[in-house]
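Undergrad: I have a structure I would like to understand better, so I am pasting it below and will then ask my questions one at a time.
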There are 2 protein chains.
Amino acid sequence: MSFSPLIRQLIDALRILPGVGQKTAQRMALQMLERDRSGALRLAHALNEAMERVGHCKRCRTLCEEELCPQCADPNRDDSLLCVVQAPMDVFAVDQTGFRGRYFVLKGHLSPLDGLGPEAIGVPELLARIAEGAFSEVILATNPTVEGEATAHYIAQLLIPKGLSVSRIAHGVPLGGELDLVDGGTLAHAFNGRKAITL
Amino acid sequence: MSFSPLIRQLIDALRILPGVGQKTAQRMALQMLERDRSGALRLAHALNEAMERVGHCKRCRTLCEEELCPQCADPNRDDSLLCVVQAPMDVFAVDQTGFRGRYFVLKGHLSPLDGLGPEAIGVPELLARIAEGAFSEVILATNPTVEGEATAHYIAQLLIPKGLSVSRIAHGVPLGGELDLVDGGTLAHAFNGRKAITL
């Protein structure tokens, strides 16, 4: 049995979505066709609009359709703090913590084996952004992976000689869960980074 | 923090997909914007095409853009068998078992409390389809839920007096898994429907 050509085309197209396999795509396609055609047309319109008009903020390089993203355009943020992240999604994650400084979005992490050096991920643009700003502290919030650590380390080496205060987000045990489920590397970081309790 | 308006619009639109919540929609939107804009534009095109052109097969009422769906148009199927299902997705599921008869798709199940009587789910059209065909057996493959059973029972009551052979798909333990995880009702059906083993 086969679906009709247009339905098959829709199922195939839905599979570009992350985490969507054949079966999920089938369910999505048929459910939209049966129950929510106007919603699906709205989705098609939103996709077209976003793909054609969303570019990158010219200051922090996150995704947005204006010249400046909402974070860069906001006059009420702390201009002395710069948070460097790997991807636009991370801006959202960090902002939810209540951080109200500025951002800079790298294009991923350094990966020499894949030919991704400092230029490819936007380090020169980061240096230019820092040169034109008046930051007192740069917080490196790349991912806590080997590549993310290496990227943070590389950038720190460039910034510290300029007299900037450079920090890295803390490693330790995440909130919730149980200690025996935490991996050894994380637990070692949590011990090394322990803090005195003051009453 | 907020995403820019077009990204927010895309995230909201993605949430019409079944099983997609806020976080998944964010990931989908940003991943498409960063990595696969041409795929996203193809998806928008496929959505538009499908929503505007896919209708229902005039014979079996499944979803398709032609007058007849691939199953109804196929001349090599058994015209003496009719399988009645609740939804277009079920046609696909049954066809994967190797069934090669004809189909009829109801619009869901009877639900008197919601005002869904025989007319609303397409029973008159089913009777007309049976009258114009030459079926020797009608297989009722509605869902194994209370409503699906009631719908099958109702249809059987209409068809048996017409001299048709009417059957219901078997209830029993599904393949794989363990017996103690199977619910009591299913196990009772499996015992009642037990079959003699012949060597």
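Undergrad: Taking residue B:41 as the residue in question, decide whether it is open to solvent by 50 Å² or more (accessible area, probe 1.4 Å), of a type in the set (A, V, I, L, M) and either within 8 Å of another protein chain (Cβ to nearest Cβ) or over 19 Å from residue A:7 (Cβ atoms) (or both). Break it down into steps so the answer makes sense when it comes.
TA: Values: open to solvent by 50 Å² or more (accessible area, probe 1.4 Å): yes; of a type in the set (A, V, I, L, M): yes; either within 8 Å of another protein chain (Cβ to nearest Cβ) or over 19 Å from residue A:7 (Cβ atoms) (or both): yes.
It is true that residue B:41 is open to solvent by 50 Å² or more (accessible area, probe 1.4 Å), of a type in the set (A, V, I, L, M) and either within 8 Å of another protein chain (Cβ to nearest Cβ) or over 19 Å from residue A:7 (Cβ atoms) (or both).
Undergrad: Considering only the range B:38-47, I want to know if a residue exists there that is farther than 30 Å from residue A:63 by Cβ and not polar (S, T, N, Q).
TA: Step one: list which residues in the range B:38-47 are farther than 30 Å from residue A:63 by Cβ, which gives none.
There is no residue in the range B:38-47 that is farther than 30 Å from residue A:63 by Cβ and not polar (S, T, N, Q).
Undergrad: For residue A:156, only one of the following conditions fails: (1) exposed (fewer than 14 other Cβ atoms within 10 Å of the Cβ); (2) within 30 Å of residue A:134 (Cβ to Cβ); (3) out of contact with any helix residue (DSSP H, G or I) (no Cβ under 9 Å at 6 or more places or on another chain). What is its number?
TA: (1)
Undergrad: Need the failing condition index for residue B:53 against (1) open to solvent by 70 Å² or more (accessible area, probe 1.4 Å); (2) more than 8 Å from every other protein chain (Cβ to nearest Cβ); (3) not polar (S, T, N, Q), just the number.
TA: Tallying (1) open to solvent by 70 Å² or more (accessible area, probe 1.4 Å); (2) more than 8 Å from every other protein chain (Cβ to nearest Cβ); (3) not polar (S, T, N, Q), residue B:53 fails exactly one: (2).
Undergrad: Tell me the residue from A:9, A:26 that is closer than 30 Å to residue B:72 by Cβ, within 10 Å of chain B (Cβ to nearest Cβ) and open to solvent by 50 Å² or more (accessible area, probe 1.4 Å), please. Working first, answer last.
TA: Working: A:26 fails: open to solvent by 50 Å² or more (accessible area, probe 1.4 Å).
After ruling out the rest, the residue left standing is A:9.
Undergrad: While we're here: For the range A:166-188, what are the residues that are of a type in the set (Val, Ile, Thr) and either assigned to a helix (DSSP H, G or I) or open to solvent by 100 Å² or more (accessible area, probe 1.4 Å) (or both)?
TA: Kept after step one, since they are of a type in the set (Val, Ile, Thr), are these residues of the range A:166-188: A:166, A:169, A:173, A:182, A:186.
Correct list: A:186 only.
The values are calculated or read from the model by the stated rules, or taken from the named source; none is laboratory data. This structure is a prediction, so every number in the text was calculated from the model and none was measured. Neighbour counts are summed over all protein chains in view; Cβ atoms, including those assigned to glycine, are modelled from backbone coordinates with ideal geometry. Quick note on the areas: whole protein, heavy atoms, side chains included, nothing else; ligands and nucleic acids left out. Shrake-Rupley method; radii C 1.70, N 1.55, O 1.52, S 1.80 Å.
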